[in-house]
Amino acid sequence: MAHHLSRAILRMLGAAAVGAFIMASGSSLAYAEEVRNVVLVHGAFVDASIWDGVIRRLQRDGYEVRAVQLPLTSLAEDVAATQAVLRRVDGPTVLVGYSWGGVPVSVAGVDSKVKGLVYFAAVTPDPGQSLKQMLAPYAEKAMPGMAAVQRDDEDFLWLDPARFGFALAHDAPPDLVRVMAAAEKPTAERILSDKPERAAWQSKPTWYAVSTEDKIFPVQLQRDLARKIGARVIELPTGHASILSRPDDASALIENAAQTLSKR
């Protein structure tokens, strides 16, 4: 009799009402919405074109991709640029940060449509912590690429063109490095001291790709940061710009994050 009663109740409620009840009750039968949006955020000294290889691969696999063009003038303005792109995205999103881009990603990632964060050799400070403070304990031998950094009279930082590849992407195809160097984007020195007020990695799933041959951002610091944020970690035998030299691996990690989040 109970079986017949259950069937009668289902007919009265209707499929839509039953579905709403299942989701409201937190049942394991509720399905996660598929994550098909990816927003990419570049780092210092480069622009969004560094993501070209990754973008092509993600688009080929059916993802909706947007790449933020950071002004690199302050953390606040970089966060605003990231938020502006997020507002144009409809639906669940993976937010991805490379190098300095990890900081605006960590701030803007509190957006409710951001379901997870992926970092590549990225800066992931605690709230109230600056990049300068993070790097202070590390000796110059841990980041020889910093010798390529030059400061101009307007307090912007550049990389010496002759050492651009060594600092960021010594293992990337030379033609790609030359293009990236030609399109170099100056970075305001003040971003070294800017401090984020929040960190989305404290409450959202994270992935982190460590660049084990990095010349400008200490490898041990990357490992420590990945552990701190509780990330799923891969290590790539590459220079700082793994997204340029290893676009297959980079896009595979992003897709793994999107697929994992789609099952949550």
Point to revise | Selection from segment 106-152 of residues that are part of a strand (DSSP E or B) and either among the basic types (K, R) or over 22 Å from the mean Cα position of the chain (by Cα) (or both) | key: K115, V149, Q150, R151
Exercise for review: With the condition kept exactly as written, say whether any residue in segment 73-81 is crowded, with 17+ Cβ neighbours inside 10 Å and of a type in the set (S, T, N, Q).
Suggested key: no
Check your understanding: Considering only helices (runs of 4 or more DSSP H) fully contained in segment 210-264, which possess at least 3 residues that are under 30 Å from W158 (Cβ atoms) and touching a helix residue (DSSP H, G or I) at 6+ places or on another chain (Cβ under 7 Å)?
Key -> 242-245, 247-262
Revision key, fill the gap. Considering residues that are assigned to a loop (DSSP other than H, G, I, E, B) and within 18 Å of L72 (Cβ to Cβ), the number found within segment 170-182 is 0
Point to revise | Within segment 61-73, tally of residues that are closer than 20 Å to A121 by Cα and small (G, A, S) | key: 1
Exercise for review: Among the residues of segment 228-253, write down those that are among the hydrophobic types (A, V, I, L, M, F, W, C), within 19 Å of R60 (Cβ to Cβ) and touching a residue at least 24 places away in the same chain (Cβ under 8 Å).
Suggested key: I243, L244, A250, L253
Study note, to complete from the structure: The condition of being assigned to a loop (DSSP other than H, G, I, E, B) and either touching a Lys or Arg at 6+ places or on another chain (Cβ under 6 Å) or more than 18 Å from D47 (Cβ to Cβ) (or both) holds, among R163, R198, only for R198
Review point. From the list L86, L95, L58, which one is among the hydrophobic types (A, V, I, L, M, F, W, C) and within 18 Å of V123 (Cβ to Cβ)?
Key: L95
Practice item. Scan segment 84-92 and give yes if some residue there is on the phi > 0 side of the Ramachandran plot and at pLDDT 95 or above, otherwise no. Key: yes
Review point. Looking at this structure, is D155 crowded, with 17+ Cβ neighbours inside 10 Å, among the acidic types (D, E) and in contact (Cβ under 8 Å) with a residue 12 or more places away in the chain?
Key: no
Study note, to complete from the structure: Those residues of segment 158-183 that are in contact (Cβ under 8 Å) with a residue 40 or more places away in the chain and surrounded by fewer than 16 Cβ atoms within 10 Å (Cβ to Cβ) come to a total of 3
Revision key, fill the gap. Residue count, segment 86-124, condition surrounded by fewer than 19 Cβ atoms within 10 Å (Cβ to Cβ), touching a residue at least 12 places away in the same chain (Cβ under 8 Å) and not hydrophobic (A, V, I, L, M, F, W, C), comes to 5
Study note, to complete from the structure: All-but-one check, L225 against (1) buried (at least 23 other Cβ atoms within 10 Å of the Cβ); (2) more than 20 Å from G165 (Cα to Cα); (3) without any contact (Cβ under 8 Å) to a residue 60 or more places away in the chain, failing number (3)
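The values are calculated or read from the model by the stated rules, or taken from the named source; none is laboratory data. Predicted, not measured: the structure shown is a model, and the values here were computed from it. A quick note on method: Cβ atoms are made from the backbone with ideal geometry, for glycine too, and the neighbour counts reach across all protein chains shown.
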